[in-house]
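Contents: one structure, followed by commentary.
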Amino acid sequence: MYVHAFYFNYSTDDAFITFRYVRNMLDGHGLVYNAGERVEGYTNFLWGMLISLPASLGLKIELSAKLLGLFFGAATLVVVTAIAFLWVGPRVPAGYRLLLCLPAFLLAASGPFAMWTLGGLEAVFFTFLLALTTLCYLRSDRPEAKYATGLLLALLTMTRPDGIVFLPATLAHVAIGVGEDRTHDLRRKQILDCIRLIAAFSILYLPYFIWRYSYYGFLLPNTFYAKVGGGPAFLVRGLKYAWQFFSTYGFVPLAAASAFFYARMQQPVEPLKHEDRRIFSYLFLQIAAYLIFIVAVGGDQLVMKRFFVPLLPALYLLTLRGAIELLPSTAGLEQSDAGWRKAVAAAGVISLGITAMPSFGGAEHNRVFKIEKPADSDRKIVGEWLGENVDSEATVALIPAGIVPYFSGLRTIDLVGLNDPNIAHASVPDFGKGEPGHEKYNSGYVLRRRPDLIFLGACRIWPEKLTPEMLLNYYWMYGKLAPGNREILELQEFKDTYSPWAARVDTGYIHFFKRNDFVLPPAEPLRASATG
């Protein structure tokens, strides 16, 4: 897993939004993006608190996130293996026990899991908590286990708000009573277990919710208003997102599911035992509930299909169960020759190869290595240049709101509204038909705030200085991704107040629009071409 994670070794721009909140908190400004402005532009409260602990002792925030990602990545593999032993361990003879590690091996081979281990965000920690919740819920039927499950579900929701999806899924599983022995006391037990879950969840989550609502003033994080709407457009985008995940990363789980149903249809088999049905149904409920959420919100714009990472343990555990259905009975396996061992080993290696293949080619691989990593390397240079050359009281407006603001330390207007409620709550046409997280804008509001510098593109470094015509054309084309660009470029107030400038750095030129009355000696205005 570690080799795979370091192969990517990429912390996404959005992670630096969280890092900026953490740094402001440690500097005494509160959990805010800009000092004095309370807006919930993050969706990973508990993760931010975790990475703040080593950071408060002097460790760099970026390094804290990476170390914790590696720790919880390994911990997830351990928990998933424990669930595999709990579920199918008794059915696998001693000579085949390595097969029980298949879900963990597949998880380690998975590109999305490896990428987000060092991605800087909460994805792998969230996955760990969900796997631990699953183990706790399934491991014991004692009342204490229900209380612990409720507490873990609260931690899950405090880590990411969509964790709330798993609370009704778990309550539904308790209420249905799949795999329970039907006795006259079953209904009473189900009611008590639901009460225990809700009580434990509430005692931890409600104080947190009251604090965040009183602190930020909205029921949902600001990013929800910036990214999520409703209607057919979001459903279409969400279905497309799900299709892209399963067509790229879902071959092995789908093949195992097909094998399971094929084996069950081909020959008479004994019905699934109570415990088998219980675990089966809970994993399916998790997948179904979260899949509905993913489709409903229209997916996500970050690399390697981040939203599906928490479902990978459930998918790979079901993969193991499907594969075992094809094996002979336990007695038959114990008496079989080495041919079965070789076949099982070959199938496992092939499955791992297929799972790992998208990490080394294809659209998502190319996006990470050819687009995102080079862009974020440039953004760090831009942020450091701004921090060294621009007055600390200046305000910058831009689209990629993570790395540049983090390294510059400047007050920032997030042009797509992830960290600005005025933009996040604005109504825009065709919402849901564009790039998630890049559709909102409010150009009049931005200009009223009079930012000193405005970046309307990806904050890249160009090898040559552009002409004003070339910069305007680039920003206009970038408007396909961020439609607010085209609105602001057409406003007369913007044309009268701002002009295109550039600054030289070691690797090329930084381009931006500067307010005409703002003094910036290290930069120079762009000159029109001779033919212009």
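The values are calculated or read from the model by the stated rules, or taken from the named source; none is laboratory data. Values in this document were obtained by computation on a predicted structure and should not be read as measured data. Here Cβ is always computed from backbone atoms with ideal geometry, including for glycine, and neighbour counts include all displayed protein chains. The accessibility values were calculated without ligands, DNA or RNA, using every heavy atom of the protein model including side chains. Shrake-Rupley method; radii C 1.70, N 1.55, O 1.52, S 1.80 Å.
So which of 213, 241 ends up being at pLDDT 90 or above, surrounded by fewer than 16 Cβ atoms within 10 Å (Cβ to Cβ) and either of a type in the set (A, V, I, L, M) or assigned by the TED database to the domain that holds residue 104 (or both)?
Working: 241 fails: surrounded by fewer than 16 Cβ atoms within 10 Å (Cβ to Cβ).
Answer to the check: 213.
Going by what's in this entry, would residue 504 be described as within 22 Å of residue 390 (Cα to Cα), without any contact (Cβ under 8 Å) to a residue 40 or more places away in the chain and open to solvent by 40 Å² or more (accessible area, probe 1.4 Å)?
Numbers: within 22 Å of residue 390 (Cα to Cα): yes; without any contact (Cβ under 8 Å) to a residue 40 or more places away in the chain: yes; open to solvent by 40 Å² or more (accessible area, probe 1.4 Å): yes.
Yes: the conditions hold for residue 504.
Residue by residue through segment 1-55, note down the ones that are hydroxyl-bearing (Ser, Thr, Tyr) and in a helix (DSSP H, G or I).
2, 7, 18, 21, 52
For segment 395-423: of the residues being of a type in the set (Val, Ile, Thr) and closer than 14 Å to residue 451 by Cβ, which is surrounded by the most Cβ atoms within 10 Å (Cβ to Cβ)?
Filtering segment 395-423 for residues that are of a type in the set (Val, Ile, Thr) and closer than 14 Å to residue 451 by Cβ, the one surrounded by the most Cβ atoms within 10 Å (Cβ to Cβ) comes out as 404.
Is there a residue being under 28 Å from residue 374 (Cα atoms) and in a loop (DSSP other than H, G, I, E, B) anywhere in segment 420-429?
Looking through segment 420-429, at least one residue is under 28 Å from residue 374 (Cα atoms) and in a loop (DSSP other than H, G, I, E, B).
Would you confirm, using the coordinates I've provided, whether residue 254 is farther than 22 Å from residue 283 by Cβ and either among the small types (Gly, Ala, Ser) or in contact with a helix residue (DSSP H, G or I) (Cβ under 9 Å, 6 or more places away or on another chain) (or both)?
In short, no.
For segment 516-528, how many residues meet the condition of being closer than 21 Å to residue 478 by Cβ, part of a loop (DSSP other than H, G, I, E, B) and in contact with a strand residue (DSSP E or B) (Cβ under 6 Å, 6 or more places away or on another chain)?
Residues flagged as closer than 21 Å to residue 478 by Cβ, part of a loop (DSSP other than H, G, I, E, B) and in contact with a strand residue (DSSP E or B) (Cβ under 6 Å, 6 or more places away or on another chain) within segment 516-528 amount to 1.
Restricting attention to segment 111-123, does a residue exist that is of a type in the set (A, V, I, L, M) and at pLDDT below 95? First the steps, then the outcome.
First, pick out the residues of segment 111-123 that are of a type in the set (A, V, I, L, M): 114-115, 118, 121, 123.
Filter again for at pLDDT below 95, leaving none.
There is no residue in segment 111-123 that is of a type in the set (A, V, I, L, M) and at pLDDT below 95.
What number of residues within segment 437-492 are in a loop (DSSP other than H, G, I, E, B) and over 20 Å from residue 227 (Cα atoms)?
14
Mind checking which pairs have a first residue in segment 343-356 that is farther than 16 Å from residue 104 by Cβ and a second that is open to solvent by 50 Å² or more (accessible area, probe 1.4 Å) and in a helix (DSSP H, G or I), Cβ under 8 Å, 6 or more apart or different chains?
354/251
Assuming residue 426 fulfils every condition listed in (1) crowded, with 17+ Cβ neighbours inside 10 Å; (2) within 21 Å of residue 404 (Cα to Cα) apart from one, which condition is it?
The single condition residue 426 does not satisfy is (2).
Can you confirm whether segment 437-452 contains a residue that is in contact with a strand residue (DSSP E or B) (Cβ under 6 Å, 6 or more places away or on another chain), more than 19 Å from residue 411 (Cβ to Cβ) and at pLDDT 95 or above?
no
What pairs can you find where one residue is in segment 176-200 and of a type in the set (Lys, Arg), the other is in a helix (DSSP H, G or I) and at pLDDT 90 or above, and their Cβ atoms are less than 6 Å apart, with a gap of 6+ or different chains?
Matching pairs, first to second residue: 196/146; 196/147.
Of everything in segment 7-18, what is over 15 Å from the mean Cα position of the chain (by Cα) and surrounded by 24 or more Cβ atoms within 10 Å (Cβ to Cβ)? Give them in sequence order.
Once the filter is applied, which keeps residues that are over 15 Å from the mean Cα position of the chain (by Cα) and surrounded by 24 or more Cβ atoms within 10 Å (Cβ to Cβ), segment 7-18 yields nothing.
Answer yes or no: is there a residue in segment 228-238 that is under 30 Å from residue 36 (Cβ atoms) and either modelled with pLDDT of 95 or more or open to solvent by 20 Å² or more (accessible area, probe 1.4 Å) (or both).
yes
Within segment 494-515, identify whether any single residue is assigned to a loop (DSSP other than H, G, I, E, B) and modelled with pLDDT of 95 or more, and answer yes or no.
Restricting attention to segment 494-515, the residues satisfying the condition of being assigned to a loop (DSSP other than H, G, I, E, B) are 506-507.
Subset that is modelled with pLDDT of 95 or more: none.
No, segment 494-515 has no match at all.
From (1) crowded, with 16+ Cβ neighbours inside 10 Å; (2) at pLDDT 95 or above, pick out the condition that doesn't hold for residue 318.
Result: residue 318 fails condition (2) only.
Mind checking which residues of segment 364-415 are more than 21 Å from residue 120 (Cα to Cα) and in a helix (DSSP H, G or I)?
If the condition is that a residue be more than 21 Å from residue 120 (Cα to Cα) and in a helix (DSSP H, G or I), then 385, 386, 387, 388, 389 are the ones that fit.
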